Amino acid sequence: MSDKTIKTSFWVAGIALILVGAWAWFDRWANAHENTNYGSIVPWGLWVAAYIYFIGLSAGSFLVSSLVYVFQIKRFEKVGRLALFTAVVTLILALLAISADLGHTFRSWHVMVYPNFKSPMAWMIWLYTAYFILVVLELWFVLRQDLVVGAKAQGARARLYRILVFGSKDDSPAMRASDKQIVRILATVGVPLAIMFHGGVGSLFGVVASRPAWHGGLFPILFLVSALASGGALLVVVSAIFQDGLRRNRDTVVALGSLVLALLLVDVLFQVSETLVGFYGNSPDKIENLKLVYAGPYWWVTWIWQLGIGTLVPIAILALPTRKDPRAVTAACALIAGGFLAVRLNIVIPGLAVEEVKGLTDAFDSARLDTNYVPSAMEWIFSVGLLGIGLVMFGIGEWLLPRETEPAPEEASHVAA
C-alpha cells in the first residue's frame, strides 16, 4: 500500500468516524447524561477511562521527545517534532473526553480561579495548564525556522506561516542556535512537569482510601510506565504512517519498537506485582475487585483484550526475528496502543463496581444503582467520534506543518554547536 493510499485512508476514516459520532456529541450536549449508563454506584465510565488513556499517550509521547531534545539521542531525532505534535493532539483528545464526563463543563474554569491547593485534582489541572502551554511553545520553537523558510513562498499556506511566526524572516545560524537552546530548556523543564502531571493522575486514584483497588503508592509510578509504553507505541504507528517509517525511516521504527518492548515488560512487571500483592494481602475488598477484573463480567477485557491482544501477541512479535521488520513492529505497537485502553478500563470500572454499602443495589430498584456497568451506545459512539477528531487532527498536521529543512553546509557546524 502506497503512502498516498495510507494517508487518504487516514483522512477518510477520520471524517467517517466524526460523522458517525456527531449524533452522540449532539445527544451529550442536548440531553446531558440522560443516555449514559454510569450512575451512583459506578459514577465514572468509558469517558474517564478514555481521558486517562489519552493523557498517558500525551505524557508518554512528550517524554519520548525528551530523548531527543534533552538527552540528545540521535537515533530518535527524526521523531522528535512528531512526538511533540502527538503530545498536543492526544492532550486535546483527553480534555475533550473528560469534558463530556463533567456535569457542568462550563464551570471548569472555577478550579483555576478558586483552587483548593489541598486537592490533588486542583494541582493536576494547574499542571495540565502549564504542561499544555509548555508543549505548544516547545513545538513552536522546534518548527519556527521551517515556518520562516516556508513563509518565503507564495500561497495560502505561506501566508499562514507568516502569521504563525509573527512576520519574522530571520533564519540565520544564530537564530537557529538560539531556537535550539530554547527548545532544550523547555524540554528540560517539561520532563519533571510531565512526570508530575501524569503522576498526579495516578495520585488522584491512589489517595482514594475508600477504594482498595486504587489505594496505594504504586499507582503514580504505574501510570508513568504505562504512559511511556503506550505513548511510544502510538509514536511508532504515527511515524510509520506519516514519516515513511516502513521504508525511509525503518531504522527509527525498529529502534522505537525495541524501546517500547522494554517499557511494556516493565509495565507488566508492575501490574503482576500489584496483582500478586493484592491476592497475597487477602483484603476482602481488594480480593473482590481482583475477582471482578479476572473472573467477573469484565474478564474478557483482561484476558482477551489487555493480556492477549495488547500484551502477549505484541511481546512475541517484538521479541522474535519479526522485531526487525518495520511492518511487524508497527502492527505490534498498534496492538499495544489499543491494548492500553483495556488497562485504563480495568482501572476505572472494576475499581468502582464493588459496593461500598453491602446490599444497596438489592434495597433499591434503579438503573442508576447497578454495579454491572456497560457503556451505552451513545458513550461508545461519542468515543468513536473522538477518535475521528484525533485522526483528522493528525491529517491536518501532516498536511499543514512544514517539512524539516537542513541548515546550509556553512551553517551546519555552528548549529550543531
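Before moving on, here are some points about what is shown:
- Restricting the stretch 317-346 to residues that are β-branched (V, I, T) and surrounded by fewer than 23 Cβ atoms within 10 Å (Cβ to Cβ), the residue that is nearest to the chain's Cα centre (by Cα) is I317.
- The residues of the stretch 44-64 that are within 26 Å of N372 (Cβ to Cβ) and of a type in the set (S, T, Y), listed by number, are Y51, Y53.
- Hits in the stretch 156-173 - residues which are within 17 Å of V142 (Cβ to Cβ), open to solvent by 40 Å² or more (accessible area, probe 1.4 Å) and aliphatic (A, V, I, L, M): L164
- Matching residues, the stretch 379-402, being under 18 Å from V88 (Cα atoms) and either at pLDDT below 85 or among the hydroxyl-bearing types (S, T, Y) (or both): E398, W399, L400, L401, P402
- Hits in the stretch 1-11 - residues which are surrounded by fewer than 14 Cβ atoms within 10 Å (Cβ to Cβ) and either of a type in the set (D, E, K, R) or modelled with pLDDT of 90 or more (or both): K4
- Sole exception among (1) crowded, with 16+ Cβ neighbours inside 10 Å; (2) under 25 Å from D27 (Cβ atoms); (3) at pLDDT 95 or above for S376, by number: (3)
Rundown of residues vs (1) polar (S, T, N, Q); (2) under 30 Å from A353 (Cα atoms), yes/no style:
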residue: R184; (1), (2): no, no
residue: P192; (1), (2): no, no
residue: G202; (1), (2): no, yes
residue: F219; (1), (2): no, yes
residue: L222; (1), (2): no, yes
residue: G232; (1), (2): no, no
residue: R247; (1), (2): no, no
residue: T252; (1), (2): yes, no
residue: S258; (1), (2): yes, no
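- If you filter the stretch 174-209 down to residues that are out of contact with any Pro (no Cβ under 7 Å at 6 or more places or on another chain), at pLDDT below 90 and open to solvent by 60 Å² or more (accessible area, probe 1.4 Å), you find that the one that is nearest to F117 (Cα to Cα) is M196.
- The residues of the stretch 253-293 that are β-branched (V, I, T), touching a helix residue (DSSP H, G or I) at 6+ places or on another chain (Cβ under 8 Å) and either at pLDDT below 90 or open to solvent by 20 Å² or more (accessible area, probe 1.4 Å) (or both), listed by number, are V254, V266, V268, T275, I287.
- Residue ranges of helices (runs of 4 or more DSSP H) in the stretch 214-306 with at least 3 members of a type in the set (D, E, K, R): 250-281, 284-295
- When residues of the stretch 294-314 are limited to those that are crowded, with 16+ Cβ neighbours inside 10 Å and in contact (Cβ under 8 Å) with a residue 40 or more places away in the chain, the one farthest from I349 (Cα to Cα): P314
- Scan of the stretch 347-376 for residues that are among the hydrophobic types (A, V, I, L, M, F, W, C), over 28 Å from the mean Cα position of the chain (by Cα) and closer than 19 Å to S210 by Cβ, ordered by number: V357, L360, L369
- Members of the stretch 217-231 that are more than 21 Å from L307 (Cα to Cα) and surrounded by fewer than 17 Cβ atoms within 10 Å (Cβ to Cβ): G217
- Enumerated helices (runs of 4 or more DSSP H) restricted to the stretch 31-147, each holding at least 3 residues that are over 21 Å from V183 (Cβ atoms) and open to solvent by less than 30 Å² (accessible area, probe 1.4 Å): 46-69, 80-101
- When residues of the stretch 355-373 are limited to those that are in a loop (DSSP other than H, G, I, E, B) and of a type in the set (D, E), the one surrounded by the most Cβ atoms within 10 Å (Cβ to Cβ): D370
- Residue that is closer than 21 Å to G216 by Cα, touching a residue at least 12 places away in the same chain (Cβ under 8 Å) and hydrophobic (A, V, I, L, M, F, W, C), where the choices are L335, L276, L318, L290: L290
- Conditions (1) open to solvent by 20 Å² or more (accessible area, probe 1.4 Å); (2) at pLDDT 90 or above; (3) within 30 Å of K7 (Cβ to Cβ): number failed by Q243: (2)
The values are calculated or read from the model by the stated rules, or taken from the named source; none is laboratory data. Everything numeric here is computed off the predicted structure, so don't read it as measured data. Positions of Cβ are backbone-derived with ideal geometry, glycine not excepted, and every protein chain shown enters the neighbour counts. Ligands, DNA and RNA are excluded from the accessible area calculation, which covers all protein heavy atoms including side chains. Shrake-Rupley method; radii C 1.70, N 1.55, O 1.52, S 1.80 Å.
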